[in-house]
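Coordinate-derived values only; no laboratory data. All values reported here derive from a predicted model rather than from experimental measurement. Note: ideal-geometry Cβ built from the backbone for every residue, glycine included; neighbour counts use all protein chains shown.
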Amino acid sequence: MNQESIRIGLIGVGGVCAMVHYPGLRIIPGVDIVGLCDANPTLLAQRGEEWEVGAQYGDVERMLNEVKPDAVVVATPNCEHLPIVLAALEAGCHVLCEKPLGLDVGETVAMYRAAERLGRRHMTAFTYRFVPGMRYLASLVREGALGEIYHARLQRLQDWPDHSLGWRQYRAMAGSGQLADMALHRIDLAHDLLGPITSVCGSMRNLIGRDRTKDGEACAPQDVDDWVAFLAEFESGVTGVFESGRLSKGRGPAGDHDVCELNGSEASAAYQLHTPDQILFARRGEAFEMRDVPEAFLKSSGSPRALGDGNPEVTFRYDQAFEFVSAIREERACRPSFKEGVQAQAVCDAVIESSEGRRWVDVVDPLG
């Protein structure tokens, strides 16, 4: 692999950047964090001091023009992704963007087409693809160890506070609530494991007002979903059940329920986030048993992270940055790319349409 230096700018330096993007990038040889950009000057200064990055900006265009990074990571509110990503692509940058890629499928298509036209590497931050258990589960599916897959269930249940979630609780800024935040990851996992989803029937609920901040100050009530569930039909004939919610008492923060279970003609297998280095496996007539993930699936090939260091529910996410940098150096497509972001968003939009119309909705491939 070409180990030449890659200069990366971080746009949006909040929680996900601090937990996932920055620590993942800083352990990769030859990667230099050359600029930080955030609308919050206090947070920006704090990150600059913590990460020893002196080039700090409140304006994206200025950072792009003055720092001229080779690549950027975009981790801003969802409504800002489209203009920032397009500006970065035009400035010559490869782009890793947080999910959801856009507020709707039209925005995601615009980003994908721009990246392809300009020849930039592009990646959607579907972090859970890098869970060791998920990698192993995918390999079992592809080698036929489960037989013909009949059905799948994917769940993410959490216990979030009842106070305001900031921009995340407004459709104009987030696109949707739990659907775009956590269910979207499960849609991408299902696509990777089972192929395209062709039709959905869903229901979404905005269950509480969230009209007070954490400090008790009044704010505009939320207008997005706290809970979403939908049935899915796959092109392959597999059926799926998805559920994601923020108001499941006992499910957080340490007790988040995150499961992907596949049932096949020969066996069943399931990934669980809280045992990322193991899966559940059972053949007909057997009880589920824990199976250790083989060493080959514990991290990406060549990844610089040390196995056993840190919290395993967090450190697998660092392989996402390694994939982004590797794709740039190897001049190949990122996995997953903006294309996967488009495909997942098409399902997301169909679920919203289905819930609003109380009917089945076919998923149209927006890329033809």
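For the chain, set up a Gaussian network in which alpha carbons nearer than 10 Å are linked by springs, and say which option among D258, D59, D70 fluctuates the most. Greatest mean-square fluctuation among the candidates belongs to D59.
Inter-label distance, R212 to E295: 5.5 nm, where each label sits 7 Å from its Cα along the C-beta direction.
Look at where the Cα atoms of region 48-107 and of region 176-210 average out, and the two centres are 25 Å apart. Of all the options R26, R153, R129, the one that moves most in a Gaussian network model of the chain with Cα springs shorter than 10 angstrom is R26. For K99, a cut-off of 16 angstrom between C-alpha atoms picks up these lysines, skipping any fewer than 8 places away in its own chain: K339.
Summing charges over neighbours of S326, with a neighbour being any other residue whose Cβ is under 11 Å away from its Cβ, gives 0 when K and R count +1 and D and E count -1. Looking at the chain, send over the antiparallel percent of its DSSP beta bridges, to the nearest 5. Given both bridge residues lie in the chain, the antiparallel proportion sits at roughly 60 percent. When the helices of the chain are scored as -39500 (n - 2.57) per DSSP H run of n ≥ 4 and the total is divided over every residue, the value at 222 nm lands at -9000 deg cm²/dmol.
The magnitude of the dipole of the chain, with charges of +1 and -1 set on the Cβ of Lys/Arg and Asp/Glu and taken from the Cα centre, is near 160 debye.
If the Kirkwood radius is taken over C-alpha pairs of the chain, then at 37 °C and 0.692 mPa s the Stokes-Einstein diffusion coefficient equals 155 µm²/s. For K68, a cut-off of 15 angstrom between C-alpha atoms picks up these aspartates and glutamates, skipping any fewer than 8 places away in its own chain: D32, D59, E90. Listed from fewest to most Cβ neighbours within 10 Å, the set F230, F324 follows the order F230, F324. Taking a sphere under 15 Å around the Cβ of E66 and counting the other residues whose Cβ falls inside, with K and R at +1 and D and E at -1, yields a net charge of 0.
Under a Gaussian network description of the chain, with springs only between Cα atoms under 10 Å, the residue in A296, A110, A287 that fluctuates furthest is A287. By other beta-carbon atoms within 10 Å, ranking I208, I11 with the fewest at the front produces I208, I11. Ordered by the number of other Cβ atoms lying within 10 Å of each residue's own Cβ, fewest first, F316, F281 fall into the sequence F281, F316. The Cα center of region 110-148 and the Cα center of region 308-359 differ in position by 7 Å. Taking square-rooted eigenvalues a ≥ b ≥ c of the alpha carbon gyration tensor, is region 168-282 rounded, prolate or oblate, where a/c under 1.5 means rounded and, failing that, a/b exceeding b/c means prolate? Verdict is oblate for region 168-282. Projected label points at E90 and R117, each 7 Å from Cα along the beta carbon direction, are separated by 1.0 nanometres. Computed from the Cβ-Cβ distance with R0 of 22 Å, the FRET efficiency linking M173 to V16 stands at 0.90. With contacts taken as Cα pairs under 8 Å at a separation of at least 6 residues, the chain carries a relative contact order of 21 percent. Helices meeting the span-like rule in the chain (full DSSP H runs, Cα extent of at least 24 Å along the helix axis, mean Kyte-Doolittle score of -0.5 or higher): 338-357.
Within the shell defined by Cβ-Cβ distances under 11 Å, the residues around E266 carry a net charge of +1, with Lys and Arg each +1 and Asp and Glu each -1.
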